[in-house]
Amino acid sequence: MPTRSAGFQINCSAFLDAVGKPIGDLPKFARNKDILVALYSAMVKTRTFDSKAIALQRTGQLGTYASSLGQEAIGVGVASAMTDDDVFVPSFREHGAQLWRGVSLEELFLYWGGDERGNDFAKSRQDFPVCIPVASQFPHAAGVALAKVQKGDPGAAVVVAGDGATSKGDFYEAMNVVGAWNLPVVFVINNNQWAISVPREGQTAAKTLAQKAIACGIPGEQVDGNDVIAVQAIISRALTRARAGKGGMLIECLSYRLGDHTTADDASRYREDAEVSAHWQLEPLIRLRNHLVATHGWTKEDEQLLLRTCKKEVEAATDTYLATAPEPARAMFDTLFAKAPADVAALFEEVGNG
Amino acid sequence: MAELTMIEAIRTALSRAMEEDPDVIIFGEDVGIDGGVFRATDGLFQHFGSSRVRDTPLSEALIAGMAVGAAAHGLRPVAEIQFSGFIYPTLDQLANHASRLRNRTRGRLTCPMVLRAPYGGGIKAPEHHSESIEAMLAHIPGLRVVIPSTPARAYGLLLAAIRDPDPVVFLEPKRLYRSTSEAVEDTGEALPLDKAFVLQEGTDLTIVAWGAMIKGATEATLQLAESGISVDLIDLATLKPIDRATIRASVEKTGRCVIVHEAPLTAGLGAEISADLAEHCLTSLLAPIKRVAGYDTVMPYLRLEAHYMPDTAHIIDAARNVMEFS
């Protein structure tokens, strides 16, 4: 029987190899030392925050925390491609993106310390707070984009989730409507290879996660998620398309979860140390540092100064966080509704102001 | 003044809300050119255009989640779920996001959305089309749940729901969509949410009901009056938050209470109202509180449906039972 093939291919882009050597020509922004230093600094700051958050949790001073160790290039790469017109709809592992967007270290500590005031961002007030129920944030991004189209507002929605999230219906339902309605949404998958204890291969027989976009009629591409230059470049391209009314796109960022799923997890129960060690060779900070050293004269002193600066900032934020008193008990009702109905108002009395 | 059925009153309210606020948009399955399977949005697509009245893919979780995102960013979405039996995929979005967004951002992002769905039994619909699911929705903190019982209240309450700054689930008893009509003036005047309606004042017995049960309760009230029993009849209308003050005041006056709902008995809202009265009005009670409710069973398919639905006779039996106690 004569047949026709619908055929598709999934491209995977990268600019720096694992040791920081350029693979072909770098994009223009990546030839600018200041830009590269800013990206590198943001990744170092994210990692410094991450270690501190884990230390605080281990000493009973923070709640359960989801580390972004090894995936800093995704958050920083994504956020650095966005503008204030865009809206970020994050999962719970994109601290680097939130910091770049202007969420403060104090706010992140407050949130992970169990205080909702950490979600009342002073900057980037249009951004969503982290989403805990996996994949349920995808439809929000479609809604944000719908509001933008409807009101003629510029910008796009950028939604991030992990590889496990692509197994959920919400992911497909949201991507499907973005395709059908041509909405400005960039879907970003942080494929860190593990959904708690289930490896990427256990989630799907699909060869790539990016190809899931094909079913929804939007383009899907892979990128080396440990290469911040490549991540920024591809998200910029996706955002340019979206802002120009050309619709949504799915970007699968290939990375690896070097830490546990959260501080409540022990990854040694389900994966080999050798696998983790091998991935330490591919992590995102070393390669950009190598590149900065080789191409832009980044010195040991520069590095030391950066580490000291990040540590100082994180320590100062920690002090502020630890000195912040919890809200009074009635805060649990204060913003439940715009105006408290009678039965909620009665609860104010019950808990008092303590 | 126009005589409108409930479905016409709902359409009139939707149209009014869209006229007065360009941020109000409608989306759902078949709500566009088809006007919705019950015709609640009939003509709105033609009048307001395809960008404000949108047919979504067949995708209930998306419909609710997209409403959350759109509401947080300046729209006032009125999303339709085609039947309440298909509302379950939206529970994740309602419980985890719509009802919590204001609270978890301490007021930074809010969720002024309405999720409408035809609700309840009595029209010989297919399986999964006739369930009464208000109690599980009412159990979600931060959500309002509203069920109108007449065309005029459907009009006024839907306008209030759309204008409300917080999420509202608006359940429409489809048995009442076309069963009666009444004069409804399109004044744009909303009715209060969180407030029960006292439909008739009486002295001997309080009947609390909502939605399609108001019809049987009204009929029962008339018949009981003939045998000298004077009923305080309350249409709860907003099921969450419950207007406890109105119910308590009524029972303090009458000393007796019958609660009527179509939903199954166990863990239904009748239980909450009973408990509230037991806690706050014990010394006023002259007789046990009685619940008239659906059976604790799967909603029967159409041949047995009538056996399931609480009706006037059940309500009168319960009322007499309570009156005989003391």
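The values are calculated or read from the model by the stated rules, or taken from the named source; none is laboratory data. Treat the numbers as computed from the prediction; the structure is a model and nothing was measured. Cβ sites come from the backbone with ideal geometry, for glycine too, and all protein chains shown count toward neighbours. Remember, those area values only see protein heavy atoms, side chains included, never the ligands or the DNA or RNA. Shrake-Rupley method; radii C 1.70, N 1.55, O 1.52, S 1.80 Å.
Here are some notes:
- Computed FRET value (nearest 0.05) for residue A:11 with residue A:264, which takes r as the C-beta separation and R₀ as 41 Å: 0.65
- At the listed q of 0.12, 0.17, 0.23 Å⁻¹, the Debye profile of the stretch B:240-326, built from one uniform point per Cα, gives log10 I(q)/I(0) equal to -0.39, -0.73, -1.14.
- Segment residue A:315..residue A:18, full-extension length gain: 103.8 nm, with 0.36 nm per residue of separation and the alpha-carbon distance subtracted.
- Over chain B, Cα pairs under 8 Å with separation of 6+ residues give a relative contact order of 16 percent.
- For the stretch B:3-183, accessible area per residue (1.4 Å probe, heavy atoms of protein chains only), Å²: 29
- Share, in percent, of DSSP beta bridges within the stretch B:125-242 that are antiparallel, nearest 5: 40
- Placing dummy labels 7 Å off each Cα toward the beta-carbon, the span from residue B:302 to residue A:215 is 3.4 nm.
- By the rule of a C-alpha distance below 22 Å, with chain neighbours fewer than 8 residues away ignored, the lysines paired with residue A:300 are A:21, A:33, A:45, A:311, A:312.
- Part-to-part distance (alpha-carbon centres) for the stretch A:90-163 and the stretch B:16-64, which is given in Å: 28
- Note on chain A: antiparallel DSSP beta bridges, both residues inside, total approximately 10 percent of the bridges counted.
- Across peptide A:329-339, the mean count of Cβ atoms from other chains lying within 10 Å of each residue's own Cβ comes to 5.
- Interface residues in the stretch A:151-174 - accessible area drops by 20 Å² or more relative to the isolated chain, probe 1.4 Å: A:151, A:170, A:173
- Total formal charge among the other residues, if their Cβ is under 9 angstrom from that of residue A:295, Lys/Arg +1 and Asp/Glu -1: +2
- Buried surface between chains B and A: roughly 3600 Å² of accessible area, summed over both sides, computed with a 1.4 Å probe on protein heavy atoms only.
- Gaussian network model of chain B, Cα within-10 Å springs - most flexible of B:120, B:36, B:211: B:36
- Environment charge of residue A:264, counting only residues whose C-beta is closer than 15 Å and scoring Lys/Arg +1, Asp/Glu -1: +1
- Count Lys and Arg as plus one, Asp and Glu as minus one, and take only other residues whose Cβ is under 10 Å from that of residue B:88; the net charge is then -3.
- Quick note on the stretch B:157-225: its Rg to Rh ratio, both from C-alpha atoms and Rh being the Kirkwood radius, is 1.00.
- Paramagnetic reach from residue B:3 in the stretch B:146-184 [backbone N under 12 Å; point 7 Å along Cα→Cβ]: B:180-184
- Cα-Cα P(r), the stretch B:3-183, percent of pairs per 5 Å interval: 1, 9, 19, 23, 23, 16, 7, 2, 0, 0
- Near-label residues of the stretch B:300-326 by backbone N, under 16 Å of a point 7 Å along Cα→Cβ of residue B:286: B:319-326
- Label-point gap, in nm, between residue B:317 and residue B:183 - each point 7 angstrom along Cα→Cβ: 3.9
- Legend: residues in the stretch B:28-62 shielded by at least 10 square angstrom of accessible surface upon adding the remaining protein chains to the isolated chain (1.4 Å probe, heavy atoms) are B:51, B:54, B:55, B:57, B:59, B:61, B:62.
- Comparing mean-square fluctuations of A:198, A:87, A:19 from a GNM of chain A with C-alpha springs under 10 Å, the top value falls on A:198.
- Where the stretch A:249-341 is the region considered: accessible area per residue in Å², 1.4 Å probe: 53
- Two-site FRET efficiency, residue B:279 against residue A:55, from Cβ-Cβ distance with R₀ of 45 Å, rounded to 0.05: 0.40
- Solvent-accessible area of the protein assembly as shown (1.4 angstrom probe, protein heavy atoms only): carbon and sulfur portion equals 53 percent.
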